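Structure first, then comments.
The values are calculated or read from the model by the stated rules, or taken from the named source; none is laboratory data. None of these values were measured; they are calculated from a predicted model. Heads up, the Cβs are rebuilt from the backbone with ideal geometry, glycines too, and the neighbour counts pull from every protein chain shown. What goes into the accessible areas is simple: the full protein's heavy atoms, side chains included, and nothing from ligands, DNA or RNA. Shrake-Rupley method; radii C 1.70, N 1.55, O 1.52, S 1.80 Å.
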Amino acid sequence: MSDLRSRLKDQNLFRTDSFINGEWVKGDSRFDVNNPANRSKVADVADVGAAGAKQAVKAAAAANLEWRRTSPFERARIVKRWHDLIMENQDDLGVILAMEMGKPLAEAKGEIAYGAGFVEWAAEEAKRVHGETIAVPTPGARGWTIRQPVGVVSCITPWNFPSAMITRKCSPALAVGCPIVIKPAAETPLSALALAELAARAGFPKGVFNVVTGEAKHIGPVLTQSDEVAMIGFTGSTQVGALLMEQAAKGIKRVALELGGNAPFIVMDDADVEKAADGLIQGKFRAGGQTCVSPNRVFVQEAIMGDLTEALAERVKKVKVGDPFEEGVQVGPLIHDKAVERVSELVSGAVSKGAKIVAGGKSLMKEMGGSFYAPTLITGADMASSLAVNEIFGPVASLYPVKDEAEIIKLANATPYGLAAYLYTRDAGRVHRITEGIDFGMIGVNAPMVGSPATPFGGMKQSGIGREGGKWAAEEFTELKFVLLSGIDE
Ligand code: ADP
């Protein structure tokens, strides 16, 4: 058993029951949460099943009217208090996150701050929900729009950002007046439950903030199909996103989906090779490569292929792998052994078709006693290999030589995904032509990370529907209503 509790300054943040209608609910069964760095058990957590999900939806629906009628200024204060509490407890939240998910402690604490940034932004935006007046054709009539909260929102979130995917999705919903029911990933429920404890302290009314833990296949259908649910916000795989959309279709429910990616990382021959190499290391190895915006296909113009490969080889070999709690570790374990096996298969499949391993290229599960995979650099993989076609979700960078802009745009777009893309060039013409030519929702030019509370986050094609972040988030969670007033001023 990994002793999580003893590492916390505030042990009340270690919660293992679901949070429904302002109460901690034990459920009829429990499931294990494990530390992927050493496979030891961290906690057993309540599985409240479909019954718990129904209870949470009912509680949220009961709280809906009161929460939506609460002054936006008051909602802003509560959401801001939640933000302040998250930041005051950043260290503990980071420890919980690192232990259940495996990202290095410093990075875990960074995720807490990144996620809290969205909460602060949402609190500010709560006060800036605006309508418009419209000139209408009928003499004497008046038209105007109002924006109102959609109602109860189900939030289904993944394990790769156990905290930030919750705050990014839920804080704008809460701020504009929607009660929420969160279902965190079974691998990482503890971060979600700690956030619920802080939400309770922040003063959200009973039923406004609920977290249900347990098996997705029982809880999911309740969250997508209950009459009282107005909208489903989901971050996860395209496969599950499609399933949830199908379930939500029966009730014509609104969906916001952040799904998989297959990010191109394009390095043009005029780029600063050293900066491109640093950027790739930063973008690729964050969360051990387990992010939907992780550079997946590195397209390199032929003239600089040799230089970039060399610059990267040197860096990849130095990336420190180890326990998330060890000082200086840059890459922790993957989420579980199955993830390591999957990455191993992608790499061996590419190698069997002629790819060359420049660094890493092996599982470290036996050697290190946890779900570890070596930071890896590959060249010469076939563009049709599983490694190129699928989201790698592991610490593996694969380089592909390309000739010119036309080929780059064609290859970058040759995927059903369209979430993030990266471009390294110093040529302004190339910046415009390529950013306009590739179909991705977010493009970092000479920048390996694109997310921030101020900017829209979301994808095109099979990478999703909708945008989180910035002023766009509030729009996702509000309905635009039109009012036509006639018969008074005639
Ligand atoms: P990943 O491959 O990253 O685990 P998933 O899409 O499988 O991504 O999971 C993302 C979230 O979706 C998790 O909270 C998971 O429990 C949930 N989930 C998985 N399958 C279903 C389902 N059938 N119904 C509802 N939620 C699901």
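Things worth noting here:
- Yes/no for ILE182 being buried (at least 24 other Cβ atoms within 10 Å of the Cβ), closer than 25 Å to ALA53 by Cα and either charged (D, E, K, R) or in contact with a strand residue (DSSP E or B) (Cβ under 7 Å, 6 or more places away or on another chain) (or both): yes
- So GLY233, is it within 14 Å of the ligand (Cβ to nearest atom) and among the small types (Gly, Ala, Ser): yes
- Qualifying residues in segment 445-456 (those that are more than 16 Å from the chain's Cα centre (by Cα) and among the hydrophobic types (A, V, I, L, M, F, W, C)) - the one most open to solvent (accessible area, probe 1.4 Å): VAL445
- Taking segment 169-268 as the region of interest, the helices (runs of 4 or more DSSP H) fully inside it that hold 1 or more residues being over 19 Å from ALA56 (Cβ atoms) and aliphatic (A, V, I, L, M) are 238-249.
- Selection from segment 202-217 of residues that are of a type in the set (D, E, K, R), in contact (Cβ under 8 Å) with a residue 24 or more places away in the chain and out of contact with any strand residue (DSSP E or B) (no Cβ under 7 Å at 6 or more places or on another chain): LYS206
- Subset of segment 302-324 that is in contact with a helix residue (DSSP H, G or I) (Cβ under 8 Å, 6 or more places away or on another chain) and not in a helix (DSSP H, G or I) - its residue that is nearest to the ligand (Cβ to nearest atom): PRO324
- Restricting attention to segment 1-37, the residues being touching a helix residue (DSSP H, G or I) at 6+ places or on another chain (Cβ under 9 Å), open to solvent by 20 Å² or more (accessible area, probe 1.4 Å), polar (S, T, N, Q) and not in a strand (DSSP E or B) number 4.
- Residues (part of a helix (DSSP H, G or I) and open to solvent by less than 70 Å² (accessible area, probe 1.4 Å)) located in segment 61-79: ALA61, ALA63, ASN64, TRP67, PRO72, GLU74, ARG75, ALA76, ILE78, VAL79
- The set of residues from segment 457-480 being within 16 Å of the chain's Cα centre (by Cα) and open to solvent by 40 Å² or more (accessible area, probe 1.4 Å) comprises MET460, GLN462, ILE465, ARG467.
- Condition broken by VAL483, with the remaining ones in (1) over 24 Å from PRO264 (Cα atoms); (2) surrounded by 16 or more Cβ atoms within 10 Å (Cβ to Cβ) satisfied: (2)
- For ALA271: the one exception among (1) part of a loop (DSSP other than H, G, I, E, B); (2) within 16 Å of the ligand (Cβ to nearest atom); (3) in contact with a strand residue (DSSP E or B) (Cβ under 9 Å, 6 or more places away or on another chain): (2)
- Meets criteria (open to solvent by 10 Å² or more (accessible area, probe 1.4 Å) and more than 16 Å from the ligand (Cβ to nearest atom)) for ILE146: yes
- Among the conditions (1) under 30 Å from GLY444 (Cβ atoms); (2) free of Cβ contacts under 8 Å to residues at least 12 places away in the same chain; (3) of a type outside the set (Gly, Ala, Ser), CYS170 misses just one, which is (2).
- Hey, VAL153 modelled with pLDDT of 95 or more, within 16 Å of the ligand (Cβ to nearest atom) and either surrounded by 24 or more Cβ atoms within 10 Å (Cβ to Cβ) or among the small types (Gly, Ala, Ser) (or both) or not: yes
- Neighbours by Cβ (under 9 Å, 6+ apart or cross-chain): first from segment 307-320, within 14 Å of GLY279 (Cα to Cα); second surrounded by 19 or more Cβ atoms within 10 Å (Cβ to Cβ) and of a type in the set (Lys, Arg): VAL316/LYS284
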